[in-house]
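Below is one structure, written out as structure tokens; comments come after it.
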Amino acid sequence: MNVGLDVLDAFIRDAIFLDQTFKETSTLRHPTDKGNEREYAARTVIGKHIRRHATIYKRAGIEDSSTGQWFRQQDVVFADPRVEPHRILRDDNRVYVDPSAVHTVVEVKSVLGGTVLSTAMQSIADVQTAPRRRQADIHHLRFTISTGQTEFVPTSGGVFAYSSRSANVETVTGWIEGWCQGRPPEEWPKFVTIADLGHFMWCDPLTGKCIPWPVKGTERLMCFQATRAHQPLVALATHLNHLSRLWWVPGTAFQLGGASDIPHGLRVGQAVYPSGVTPSPDTCNHPCLDCQRFSPR
């Protein structure tokens, strides 16, 4: 059995499922029903490809359990199952989670435009910069950020959208970089994935290498533009699995996550780099068009 082809086939089926969901829900009368169904589909697809255990919540409120400070409601939340949510709603089991338990958040949108994307990125920035106090007087690492180092791994976040009002990579790049301008990289979304366009992420302007977690503030946005419907999902899953290797609740013993079992080298689209950035010279021996490369192999 060819594991690589089996996984590829799963991504293709997922892309078809998302496309069908988007079309079928367009006839729903109530906007809330439409949004709920699309969020459910996205949450299901995203969650099934994460290879490190986490609890996945829908529309979870992020609230500091000590101070009551509010960090908005997030569409999809990956949280550590070892930390109990401090409030569960009896109506539909939605939760309020302390920032210390949150690993990654994903804002799900139907159709992105500049205003919708700005609102989503602000929501992500709020939770990415939320304080993550240690649960106990234990720390095992220091994580580099733009202003120095922290004793915890910050929360990560990004946007998933079914479609965009613009199919032009440069236009969407302008929306994202325009919002990020003047803000520290800790607030930037780690990715923006548009199912019918591509996966946007950061790269080193000097080497062209993909950077899953911007730190310096000089990183530029690049895109793996889709040439096949499943490619943005492959790129997103690879990115999320790389981020999940560092998922950690402050105060607990740190354990580095294992490498993803998603075969490296599946087609992720055509790499589109910003002006002035030279593509990475890395070579690849996999039978693919492009590789999502985070580090040399």
Filter result (free of Cβ contacts under 8 Å to residues at least 12 places away in the same chain and either open to solvent by less than 50 Å² (accessible area, probe 1.4 Å) or part of a loop (DSSP other than H, G, I, E, B) (or both)) within the stretch 85-95: LEU89, ARG90, ASP91, ASP92, ASN93
Residue within the stretch 62-78 that is over 16 Å from VAL95 (Cα atoms), open to solvent by 40 Å² or more (accessible area, probe 1.4 Å) and in contact with a helix residue (DSSP H, G or I) (Cβ under 9 Å, 6 or more places away or on another chain) present: no
Over the stretch 193-210, the set of residues more than 17 Å from ALA42 (Cα to Cα), buried (at least 19 other Cβ atoms within 10 Å of the Cβ) and not aromatic (Phe, Trp, Tyr) is MET201, CYS203, GLY208, CYS210
Within the stretch 34-44, identify whether any single residue is open to solvent by 80 Å² or more (accessible area, probe 1.4 Å), in contact with a Ser or Thr (Cβ under 9 Å, 6 or more places away or on another chain) and part of a helix (DSSP H, G or I), and answer yes or no. yes
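Quick one: in the stretch 45-61, which of the residues that are farther than 20 Å from GLY251 by Cα and of a type in the set (Val, Ile, Thr) is most open to solvent (accessible area, probe 1.4 Å)?
Taking the stretch 45-61 as the starting set, the residues that turn out to be farther than 20 Å from GLY251 by Cα are 45-51, 56-61.
With of a type in the set (Val, Ile, Thr) added as a condition, the list becomes 45-46, 50, 56.
Numbers: VAL45: 7, ILE46: 12, ILE50: 22, ILE56: 63 Å².
Among them, the one singled out is ILE56.
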Determine whether the stretch 103-115 contains at least one residue that is exposed (fewer than 15 other Cβ atoms within 10 Å of the Cβ), without any contact (Cβ under 8 Å) to a residue 24 or more places away in the chain and either in a loop (DSSP other than H, G, I, E, B) or of a type in the set (Val, Ile, Thr) (or both). yes
Restricting to the stretch 51-60, give me the number of residues that are closer than 23 Å to LEU117 by Cβ and in a loop (DSSP other than H, G, I, E, B). 0
The listed residue being among the charged types (D, E, K, R) and modelled with pLDDT of 90 or more, out of ASP33, ASP91: ASP33
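Restricting attention to strands (runs of 3 or more DSSP E) lying wholly within the stretch 154-245, give those where 1 or more residues are more than 30 Å from LYS23 (Cβ to Cβ) and touching a residue at least 40 places away in the same chain (Cβ under 8 Å). Full working, then the answer.
Working: elements: 156-164, 191-194, 198-203, 220-225.
In the stretch 154-245, the matching strands (runs of 3 or more DSSP E) lie at 156-164, 198-203, 220-225.
Considering only residues that are under 17 Å from PRO131 (Cα atoms), part of a strand (DSSP E or B) and not acidic (Asp, Glu), which ones fall in the stretch 61-77? Show your work before the answer.
Of all residues in the stretch 61-77, those under 17 Å from PRO131 (Cα atoms) come to 61-74, 77.
The next check asks that each one be part of a strand (DSSP E or B); those that pass are 61-63, 70-74, 77.
Within the stretch 61-77, GLY61, ILE62, TRP70, PHE71, ARG72, GLN73, GLN74, VAL77 meet the criteria.
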Does ALA271 satisfy the condition of being at pLDDT 90 or above, within 27 Å of VAL111 (Cβ to Cβ) and either open to solvent by less than 30 Å² (accessible area, probe 1.4 Å) or not in a loop (DSSP other than H, G, I, E, B) (or both)? no
Answer from LYS190, LYS216 - the residue that is surrounded by 19 or more Cβ atoms within 10 Å (Cβ to Cβ) and of a type in the set (D, E, K, R): LYS190
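The values are calculated or read from the model by the stated rules, or taken from the named source; none is laboratory data. All values reported here derive from a predicted model rather than from experimental measurement. Cβ sites come from the backbone with ideal geometry, for glycine too, and all protein chains shown count toward neighbours. Just so you know, the surface numbers come from the protein's heavy atoms only, side chains and all, with ligands and any DNA or RNA stripped out. Shrake-Rupley method; radii C 1.70, N 1.55, O 1.52, S 1.80 Å.
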